[in-house]
1. For the range 61-74, enumerate the residues that are modelled with pLDDT of 95 or more and crowded, with 19+ Cβ neighbours inside 10 Å.
2. Quick test for you: out of Leu141, Leu169, Leu146, Leu150, pick the one residue that is part of a helix (DSSP H, G or I), touching a residue at least 40 places away in the same chain (Cβ under 8 Å) and of a type outside the set (Ser, Thr, Tyr).
3. Limited to the range 102-127, what total is found for residues that are within 26 Å of Leu53 (Cβ to Cβ) and touching a residue at least 40 places away in the same chain (Cβ under 8 Å)?
4. Tally the residues that are more than 17 Å from Thr174 (Cα to Cα) and crowded, with 18+ Cβ neighbours inside 10 Å, restricting the search to the range 8-24.
5. Which condition from (1) within 21 Å of the chain's Cα centre (by Cα); (2) assigned to a loop (DSSP other than H, G, I, E, B); (3) surrounded by fewer than 19 Cβ atoms within 10 Å (Cβ to Cβ) is the one that Ser77 breaks?
6. So which of Gly63, Gly78, Gly99 is at positive phi, small (Gly, Ala, Ser) and touching a residue at least 12 places away in the same chain (Cβ under 8 Å)?
7. In the list Pro159, Pro194, which residue meets the criterion of being modelled with pLDDT under 95, under 26 Å from Phe27 (Cβ atoms), surrounded by fewer than 19 Cβ atoms within 10 Å (Cβ to Cβ) and not basic (Lys, Arg)?
8. Within the group Ser29, Ser96, Ser44, which residue is more than 30 Å from Ser142 (Cα to Cα), touching a Phe, Trp or Tyr at 6+ places or on another chain (Cβ under 7 Å) and assigned to a helix (DSSP H, G or I)?
Amino acid sequence: MRNQNRVLQFSGLSGIAATVLGFSTVFLSIASSPWFSWKENALSDLGVGGSGLIFNTGLAASGLLLITFILGLLKLSGGCWAWRLGSYLFLADAISLIGVGIFNESFGRVHLYFSLAFFTLMPLSLIMLGLSLWSRGIKRLSLFTLFSALFTPIIWTMPWRGAAIPEALSTLATGIWIINISLRMLRSGIMDRPASCPSGRVWHP
């Protein structure tokens, strides 16, 4: 149990670090790119030119840190297949983020595919995690997770001229969720691994 709690604490720190690093490098890239427009550009436009090294390295590093965060999620599966599926979808999402950082816009369709995968897998993973929480009776956290998941497609249905704003808002919603779960991981006493998914609780109320 002590080793398990250490894994959770390390995963929690990684989740917070991934979120802070990701947003910090994005805003640092924007600050060093006077040509950038929130209304006209996509965030990926920052991956080419003078800000490219900062932007791309930050995304790839954030994706690597998220993989460590996801190890903590898997520790909380409690035998629940929906939670494990959501965690693996989140893993694929983290790998997609790494791909976005490695293959910038100069790689054409390769970058586009990784970007589409990132913004598609993000809500899908949260939906599965939210449904798993609901089946365990953890209703408030479940609703928060499902809201974070549905926020992304809702934002993307709005008529934006550029992609930067919906990209930032949808990523922010997921980032807030990651911080929330990471803080719970750091309070390792909240972990009570159930023998079965429907009958047990992972998070104390």
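1. Start the filter on the range 61-74 by keeping residues that are modelled with pLDDT of 95 or more, which leaves 61-70.
Result: Ser62, Gly63, Leu65, Leu66, Phe69, Ile70.
2. Details: Leu169 fails: touching a residue at least 40 places away in the same chain (Cβ under 8 Å); Leu146 fails: touching a residue at least 40 places away in the same chain (Cβ under 8 Å); Leu150 fails: touching a residue at least 40 places away in the same chain (Cβ under 8 Å).
From the options Leu141, Leu169, Leu146, Leu150, the qualifying one is Leu141.
3. The total comes to 8.
4. At the first step, the residues of the range 8-24 found to be more than 17 Å from Thr174 (Cα to Cα) are 8-10.
Still in the list and also crowded, with 18+ Cβ neighbours inside 10 Å: 8.
Qualifying residue count for the region: 1.
5. Result: Ser77 fails condition (3) only.
6. Numbers: Gly63 fails: at positive phi; Gly99 fails: at positive phi.
Among Gly63, Gly78, Gly99, only Gly78 is at positive phi, small (Gly, Ala, Ser) and touching a residue at least 12 places away in the same chain (Cβ under 8 Å).
7. Details: Pro194 fails: under 26 Å from Phe27 (Cβ atoms).
That would be Pro159, the only listed residue that is modelled with pLDDT under 95, under 26 Å from Phe27 (Cβ atoms), surrounded by fewer than 19 Cβ atoms within 10 Å (Cβ to Cβ) and not basic (Lys, Arg).
8. Just one listed residue meets the conditions, Ser29.
The values are calculated or read from the model by the stated rules, or taken from the named source; none is laboratory data. Values in this document were obtained by computation on a predicted structure and should not be read as measured data. Using ideal geometry, Cβ is built from the backbone for each residue, glycine included, and neighbour counts are taken over all protein chains shown.
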